[in-house]
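The values are calculated or read from the model by the stated rules, or taken from the named source; none is laboratory data. Fair warning: this is a prediction, and the values are worked out from it, not measured in the lab. Cβ coordinates were reconstructed from backbone atoms using ideal geometry, including for glycine residues, and neighbour counts include every protein chain displayed.
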Amino acid sequence: PHIKFYNGQRGYVTAEVTPDLWISEFKIVPVVTEPGAAIETRATFVVENGRAGAQEG
């Protein structure tokens, strides 16, 4: 599936993939110059088996 998500913050994506579900979480660090800054989940997208498209949630 294709997921398009953009914002100007630095971070990474985690993915949990099973035969029935794909969950992508976009993680960000609001202050990159601060060691130990809290990591936040900026967006989450879910793709369910048998359902077209990604759902934000």
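Descriptive notes on the structure:
- Scope the stretch 20-45; condition loosely packed, with under 12 Cβ neighbours inside 10 Å and in contact (Cβ under 8 Å) with a residue 40 or more places away in the chain; matching residues: none
- Residue that is nearest to Tyr12 (Cα to Cα) [pool: residues in the stretch 46-57 that are surrounded by 10 or more Cβ atoms within 10 Å (Cβ to Cβ) and of a type outside the set (D, E, K, R)]: Val46
- Selected residue (criterion: modelled with the lowest pLDDT) from residues of the stretch 1-19 that are among the aliphatic types (A, V, I, L, M) and surrounded by 12 or more Cβ atoms within 10 Å (Cβ to Cβ): Ile3
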